[in-house]
1. Residues in the stretch 127-166, backbone N under 16 Å from the label point at residue 264 (7 Å along the Cα-to-beta-carbon vector): list them, ranges by number please.
2. Tell me, what are the semi-axes, in whole angstrom and largest first, of the equivalent ellipsoid of the stretch 354-485 as set by the roots of 5 times the Cα gyration tensor eigenvalues?
3. Relative to the first principal axis of the alpha-carbon coordinates of the chain, what is the inclination of helix 333-346, with its axis defined by its Cα atoms, in degrees from 0 to 90 and to the nearest 10?
4. For the chain, how big is Rg over Rh, using alpha carbon atoms and the Kirkwood form of Rh?
5. Please find the FRET efficiency linking residue 358 to residue 255, where r is the Cβ-Cβ separation and R0 is fixed at 25 Å, and quote it to the nearest 0.05.
6. Out of every Cα pair in the stretch 13-100, what percent are spaced more than 21 Å from each other?
7. Sort all Cα-Cα distances of the stretch 106-177 into consecutive 5 angstrom bins from zero, then give the percent of pairs in each bin up to the one containing the longest distance.
8. To one decimal place, what Kirkwood hydrodynamic radius in Å is obtained for the stretch 1-40 from all pairs of distinct Cα atoms?
Ligand SMILES: C[S@@+](CC[C@H](N)C(=O)[O-])C[C@H]1O[C@@H](n2cnc3c(N)ncnc32)[C@H](O)[C@@H]1O
Ligand code: SF4
Ligand code: SF4
């Protein structure tokens, strides 16, 4: 490797400073140009982060050595390190002041000839007062979901979102722009726009344009038959992908599921498909399966129709639990099993990626103690309030879409304070054993570890035992009582 070589940080990794440490996180990319280590995330020393951030496609190794703290202090020795993390086939580990640091595969890559490099957004300030590689909660999240409004074009019988009160955007636009300014200083991995319906927000173009300047390109999900004028505006913003939620092509079923005039809605949606094709837009499809549209013939009809358009993927999703709707729409386990088998059999017949999301395995909640223990020990880390935040239409900041408006999870409101300040608000009531005295958690020897390491799933607790039983155990825990609501 020559000192004049230009390397750059593999775009599938994000480097961000986080006050007392820096973050090195993999970005989820279904079609990566460069190989990367999926799901990789680690805290790294700000000196390493500074060095990596300087590999922005414009600097030679020599430039990076002269501009970085490590280059200035360690000189040639750092060139060895750079070689170890360049197009590396596997992880590389090192130690700095007694702390071990790990680097994922293919971290730095050689710039390909004629390759245009999008520089990663982010501050070049990696200064720190003290170091902390232990605390799991980030000083600013990496994932934010914003539920813009609760107004919709349809009234879906299975909707899990809290749209009981139909309201337009309640957060003043200036506040949203202030939030986006904060995000500019703390780049995110993903910003999801939820609704309601984003296209029923009068300033949607302005919000989307600002997100683009931050390197955030959320795919908007909609059930609105979108007009040519909206599609033109999207194209002007360089958007070439959209997500449509389409559950059936049967007008009677459509009327039942979305409470619309099914004939007219389908007619308008078909026009939307034709327009999107004309404008070269790629479409992602979400198809929710309820007990009303759980027929394989109906699904086949829908998939065959979709194969005439530029569809990138179709996700078939068994309708999940809603806290806000009567649950008679839930599909039976047997029909979900049959549809899953069908999807598995036909997925190679189509020119799009066809997949079906898995349900929560029944054994996780109903299994014997040993089965439950295994699932519970292997549960994924709950990243709500550690890495991710959810902003409600009224500006309340909460953990995830599952906990929504429950006051116990609201750490503040962005109409009153900056997002960063709210994010740092402690929520001690969730860790106070006294609050759990009516639950088995109150006397559990694993209480601290359970709540501070992987965490419990608050969504499952609220769904399984109701909003009033917040301090019950995670239903997947072997010590948990039988759930009141069968949400799985
Ligand atoms: C909550 S909606 C918001 C965006 C927009 N209103 C829409 O429907 O596309 C996001 C996605 O969740 C899906 N969805 C809503 N309720 C669901 C449920 N109970 N189970 C599974 N998916 C659901 C919708 O069909 C849609 O694809
Ligand atoms: S699924 Fe989407 S369109 Fe339907 S009610 Fe929920 S938010 Fe509105
Ligand atoms: S969820 Fe289970 S393991 Fe966790 S504190 Fe409660 S009883 Fe203990």
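Coordinate-derived values only; no laboratory data. Worth saying up front: this structure is predicted, and the values here are computed from it rather than measured. Every residue, glycine among them, receives a Cβ derived from its backbone with ideal geometry; neighbour counts consider all protein chains shown.
1. 153-155
2. With the √(5λ) rule applied to the stretch 354-485, the semi-axes are 26, 18, 13 Å.
3. 60
4. 0.98
5. It comes to 0.25.
6. Tail of the P(r) past 21 Å holds 31 percent of the pairs.
7. Once binned at 5 Å, the Cα pair distances of the stretch 106-177 give 3, 8, 11, 12, 12, 12, 12, 11, 10, 8, 2.
8. 11.9
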